[in-house]
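Here is the structure we will look at.
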Amino acid sequence: MADFYRIAVGRHATLLVCLLLAPAWAQDAAAQETRAELIAAAQAEKATRLAPYTPGRAEAAFTRWSTKLLGGGSGFYPYFDSVYSGGGFTLGAGYRHFLGDRTTWFTQGLYSISSYKLIETGLSSPGHLNGRAGYQILAGWRDATQVGFYGLGMDTDPDDRANFRFNETYAGAEAVFRPGGVAVLRGAFFYDDYDTKQGEGSYPSIEEIYVEPGEAPGLGADPTFLHTTAAAGIDWRPNSMISFRPSAGYARRGGLYEVEYHNWSDRDDVYSFDMLEVDLVQHLPVLRETWVLSLHGRVQTVLGDDDLVPYFLMPSLGSGSTLRAYPSWRFRDRHSMLLQGEWRWIASRLALDLAIFYDTGKVTSERDDLDFDGLESNWGFGVRFHGPAATPLRVELAKGGEGWNLVFSGSAAF
Amino acid sequence: MRVTTRFRRAATGLLAGALAATVATSVLSGAGRKFYDDDPITREPETQDASGAEPWEIDLIWDLAYNLFATPRMHLAGDRAKNINTIDEVPDSSWFTNRILARPLTAEEVARGPLEGTGPKPGTWTVVRAKEAGFAPGFTMQDADGVTWFVSFDGKGHPEAATSAILVANKLFWAIGYWQAENYLVTIRPEALVIGDTAKWDPPSGRRRAMHRGDLESVLARAHRSADGSYRAVAARGIPGKILGGFRYQGTRPDDPNDIVPHEDRRELRALRVFGAWTNLVDMKAGNTLDSVITEGGKGIVRHYLQDVGSTFGTGANGPHDWDEGWEYLYKGDLIWKRALSLGLVPREPWQTADYQEFDAIGRFEGDAFVPSGWRPRVPTAAFLRARPDDDFWAARRVMAFTDDQIRAAVKTGQYSDPAAEQYLADVLIKRRDKIGREYFLAINPLVDFALDGTALTFENAAVAARVAEPPAGGYSAEWFTFDNTTGSTNPIGEITDGAGPRVEVPRGLPTATGAYVKVQVRAVTPAHDAWAKPVDAYFRRVATGWTLVGLERLP
């Protein structure tokens, strides 16, 4: 350290001399007869060493990167998302090219620690009709290498986990329209081709365990669907900074009440089915958002009792946003019900919330069994780093009937 | 090697900073002699040509992050403000013009504020540019005379909120002394606007292009639309001169030769802690300020505007302030830890229970739970953190100088459609004003307006005059000294004299020669206010006509 000091002082001896002489300079200046002359002398001295403002290294780097990441325009961007639930951490990047003011052509990809892969390309065009409408045209390919399957229903054993792999190739379009106020209409139409394979990872492949008929409906099938979605809802979860902008990524008040209808039409008409999903979210601020009681209810139900639903498209519970103490896809069946409650406290309205939560739910083969008997539950504690409209990091520790689970997520739980 | 380089840069910065601070202190305090012939100056000289100053851009997020995380570690209160004159006042300058308290202002003058004309000339209004900064919807236009105006609207769903706040705060900050733009309330009908041939638009693609009608509609879609299809807006006259961008609340502009006092040590910027508390000016970012090079006396001078004072009272550009705005910084580490570890149970804060009478046009603004020293902007500035009790007192005197009528006249310019809202805002401002007086007049010796004749020293107790305190039970005492202006040495003169009221007899032996100096240390004697026992040092110079006040130190 002493060497560094010597070098630094040696290189800047002139400056040091100036510093030591400063009182003498001031005394000379004090020879001025008036205060005005004294100030004028100091200003004249500064005039000899004027320079444009030069940002420091930290400011320059910060500005450069924030412009790159937030500034818009065509070019590469980091891509943070999940390939498929259970795939683990991902690394991703994309490239976008603006075709108009807001319309972009993009290509993006993700790779996860479990070798899940996703590559997509498409056209995104938000912000039409003064921000009330947008659409996206999309084609992509996904490879999920080790998706869990534990059998159907609630009475399955975690030790009975098997894995399957699938490739999904899809192409289609989706659109959203806010006709005014808080109403939201969404629609999508996709061609969806599934190709299932032997599972990878440390668990047996699905066909090694689930061999009996009905244990894994559609096992071995590779259906191709035309998948149509239509949704209507009320969404009044405001952005915490710009109150009239809706915000699904982070909200402390408001609610979402949405009904979503899916039609999966198998090209071979074997696995065609209809499904209805009802999603209710309510954020109730307590003591001026010191705390927030957040509630979520979701029901997914296959509408046709005789419809054959492939095991990998069945409603499920278990993941970082449903039953959080349970691994992804822990429970599957034709119908599901999920109830979640969180008591959040806002440590920093800019960046940090904490929460204790309770999740409970069940899957059933019969819709009539969607009641409050035989629910599987968990509780836990979470830390959420958020912005005004997004939750880029959520870390949670949950405890359920099968033990503890640590959740890392890049989005709000609901 | 990298460590060496880093250390060298740190050492350079340290030495340069020390040099600058030493020079600034020496110049304005007058090393060598304490008082000059022209002390106290009433105008800060700006002698050099600053026309070479160039525009800069202060990154919004950098400014926010720096002030949230770095500034609180680097700046603590301690040093005396460095742009004050020898009698503890702020001279007029390109930053500040003494108005209220310095001269009589009528309520009509306050209501008129910086306005010199009548607003945009009716006729064809041409949109020439989209608004580039901030969240509020707006654009730049030219009126029928070709005068440039910056137009901003009320946020969607919040009629009158942003526009009224701008209009009222504009008048108050002008009366205090800050450079303000001229702001006029206008009604805009979309069909009356045309888009200029040169108007540009910056879409998310980053490819600037000609502005279209649809772009204007997208701006208006974010603004509040009145029932008759028109839009209420504020038109701010374009600031004259070469626009340089905002100013920072710390350091100096390296390209302005007249800017020799670090901004964090400018009293009028420190005083925003009090003016901000009064009006709840929570958004003190550099982006809400503006520097402009104007020509004065044949040379360029950088004038510093508090350009956007609209995030005041209880509302921001797009809706009411968050509940804790005005009470807490956006980030404060220890507070976050306490909340995180206590399930949010501690600390209990007044904003959680303060009784707001919520008018949509005013938002969350109240005076009962308000504690002036507990007020916080969203993000602290270096000047805010450096403020001391003498800076606060200086500011509090100006706040207290506003009469009820002046406040009501300023509030009336907000043109609230609900008389109850107008009444409420004025009442709260009056309540907050009085609280500021009660707090800051009691926190320091509040004696002002010293005068010395051959027989007595007279002065005023600002706290007593403002009726926020009783006269000191033990009266006042004065300790007298001769003062050598060259060496700074003092010699006692006679006995300590005292008086029951703000008049103290002079002792025998007061010098009579022209050019002689005396120093008087005056205390208020009362067990009720400890701070009043700390003396105010007043300095007088003997001139041909008698004694003249040349120095005042409330907190050396």
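The values are calculated or read from the model by the stated rules, or taken from the named source; none is laboratory data. Because the structure is predicted, anything quoted here is derived from the model rather than measured. Every residue, glycine among them, receives a Cβ derived from its backbone with ideal geometry; neighbour counts consider all protein chains shown. Just the protein is used for accessible areas: all its heavy atoms, side chains included, with ligands, DNA and RNA removed. Shrake-Rupley method; radii C 1.70, N 1.55, O 1.52, S 1.80 Å.
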Inset, instruction - Provide the descending list of Cα extents for segment A:248-396 along its principal axes, expressed in whole angstroms. - result: 53, 30, 23
Inset, instruction - Multiply the residue separation of B:VAL147 and B:THR455 by 0.36 nm, subtract the distance between their alpha-carbon atoms, and state the gained length in nm to one decimal. - result: 105.0 nm
Inset, instruction - Along Cα→Cβ, 7 Å out, is where each label goes; now give me the distance between the ones at A:LEU287 and B:LEU345 in nm to one decimal. - result: 1.0
Inset, instruction - Report, in order of residue number, the helices in chain B meeting two criteria: a C-alpha extent of 24 Å or more along the helix axis, and a mean Kyte-Doolittle hydropathy of at least 0.0; treat each whole DSSP H run as one helix. - result: B:2-29
Legend entry - Heavy-atom accessible area, 1.4 Å probe, ligands and nucleic acids excluded: residues of segment A:264-292 down by at least 40 Å² from chain alone: A:LEU287, A:ARG288, A:THR290, A:TRP291
Inset, instruction - Mind ranking B:THR71, B:THR514, A:THR196 by accessible surface for me, highest first, 1.4 Å probe? - result: B:THR514, A:THR196, B:THR71
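When a/c reaches 1.5 or more, the comparison of a/b and b/c decides; with that in mind, is chain B rounded, prolate or oblate per its Cα gyration tensor?
Prolate, because a/c is 1.5 or more and a/b exceeds b/c.
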Legend entry - Nitroxide proxy distance, nm - points 7 Å out along Cα→Cβ at B:ASP202 and A:ALA93: 2.7
Inset, instruction - Rounding to the nearest 20 debye, state how big the charge dipole of segment A:152-221 is about its Cα centre with +1 on each Lys and Arg Cβ and -1 on each Asp and Glu Cβ. - result: 620
Inset, instruction - Step through the residues of segment B:483-495 one at a time and calculate ³J(HN,Hα) from phi using the Karplus curve (6.51 cos²θ - 1.76 cosθ + 1.60, θ = phi - 60°), rounding each to whole Hz and writing x for Gly and Pro. - result: 10, 8, 5, 8, 9, x, 7, 10, 9, x, 10, x, 8
Legend entry - Check: chain B dipole with +1 on Lys, Arg Cβ and -1 on Asp, Glu Cβ, in debye: 1280
Legend entry - Portion, in percent, of the accessible area of segment A:73-409 that falls on carbon or sulfur, probe 1.4 Å: 59
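Just to be sure I understand: of the beta bridges DSSP finds with both ends in the protein assembly as shown, what percent are antiparallel, rounded to 5?
Expressed as a percentage, antiparallel bridges in the protein assembly as shown total about 95.
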Legend entry - Electrostatic dipole magnitude of the protein assembly as shown [Cβ: Lys, Arg +1; Asp, Glu -1; Cα centre; debye, to 20]: 3580
Legend entry - Cα pair distances exceeding 45 angstrom across the protein assembly as shown, given as percent: 44
Legend entry - Length gained when the stretch A:SER66-A:HIS227 is fully extended (0.36 nm per residue, less Cα-Cα span): 54.1 nm
Legend entry - Whole-number percent relative contact order across segment B:122-177, with pairs defined as alpha carbons under 8 Å at least 6 apart: 22
Inset, instruction - Please list, in chain and number order, the residues 5+ apart from A:GLY254 or on another chain whose amide H is under 5 Å from its amide H, with Hs placed from the backbone. - result: A:HIS283
Inset, instruction - Please report the relative contact order for segment A:73-409, taking Cα pairs under 8 Å with a sequence separation of at least 6, and give it as a percent rounded to a whole number. - result: 11
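Just to verify a number: FRET efficiency for B:THR118 and B:ALA465, C-beta to C-beta distance, R0 = 35 Å, to 0.05?
Efficiency, from the Cβ-Cβ distance: 0.35.
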Legend entry - Full-extension gain in nm, A:TYR261 to A:ASP81, via 0.36 nm per residue minus C-alpha separation: 62.3 nm
Legend entry - Karplus 3J(HN,Hα) series, Hz, for segment B:445-455 with 6.51 cos²θ - 1.76 cosθ + 1.60 (x for Gly, Pro): 4, x, 7, 9, 6, 6, 8, 10, 10, x, 10
Inset, instruction - At 7 Å along the Cα-to-beta-carbon direction for both A:PHE189 and A:VAL270, put a label point, then send me their distance in nm to one decimal. - result: 2.6
Inset, instruction - Mind checking which lysines have their Cα closer than 25 Å to the Cα of B:LYS82? Skip sequence neighbours fewer than 8 apart in that chain. - result: A:LYS46, B:LYS34, B:LYS285, B:LYS299, B:LYS519, B:LYS534
Inset, instruction - Mind grabbing the accessible area of B:GLU495 for me, 1.4 Å probe, Å², rounded to tens? - result: 140
Legend entry - Estimated [θ] at 222 nm from DSSP helical runs (n ≥ 4, -39500 (n - 2.57)) normalised by residues in chain A, nearest 500: -4500 deg cm²/dmol
Inset, instruction - Round to the nearest 0.05 the FRET efficiency obtained for B:ASP418 and A:GLU208 when R0 = 56 Å and r is the Cβ-Cβ distance. - result: 0.15
Inset, instruction - Answer with one residue from B:ALA165, B:ALA144, B:GLY177: the one whose Cα lies farthest towards the positive end of the charge dipole of segment B:116-180, charges on Cβ with Lys, Arg +1 and Asp, Glu -1. - result: B:ALA165
Inset, instruction - With a 1.4 Å probe on protein heavy atoms only, tell me which residues of segment B:42-71 lose at least 20 Å² of accessible surface in the complex relative to the chain by itself. - result: B:PRO45, B:THR47, B:GLN48, B:TRP56, B:ASP59, B:ILE61, B:TRP62
Legend entry - Charge dipole of segment A:73-409 about the Cα centre (unit charges at C-beta), most positive-ward option of A:LEU91, A:SER336, A:THR196: A:LEU91
Inset, instruction - Please give the total accessible area that chains A and B bury against each other, computed with a 1.4 Å probe and expressed in Å² to the nearest 100. - result: 6600
Legend entry - Taking the C-alpha atoms of segment A:73-409, convex hull volume expressed per residue in Å³: 134
Legend entry - Helical contribution to [θ] at 222 nm, DSSP H n ≥ 4, -39,500 (n - 2.57), averaged over chain B, rounded to 500: -7500 deg cm²/dmol
Inset, instruction - Could you provide, to the nearest whole Å², the per residue accessible area of chain A with probe 1.4 Å? - result: 46
Legend entry - Residues along segment B:252-290 losing 50 Å² or more of accessible surface when the other protein chains are present rather than the chain by itself (probe 1.4 Å): B:PRO254, B:PRO257, B:ILE260
Inset, instruction - Determine, from the Cβ-Cβ distance of B:VAL371 and B:GLU296 and an R0 of 25 Å, the FRET efficiency 1/(1 + (r/R0)^6), rounded to the nearest 0.05. - result: 0.05
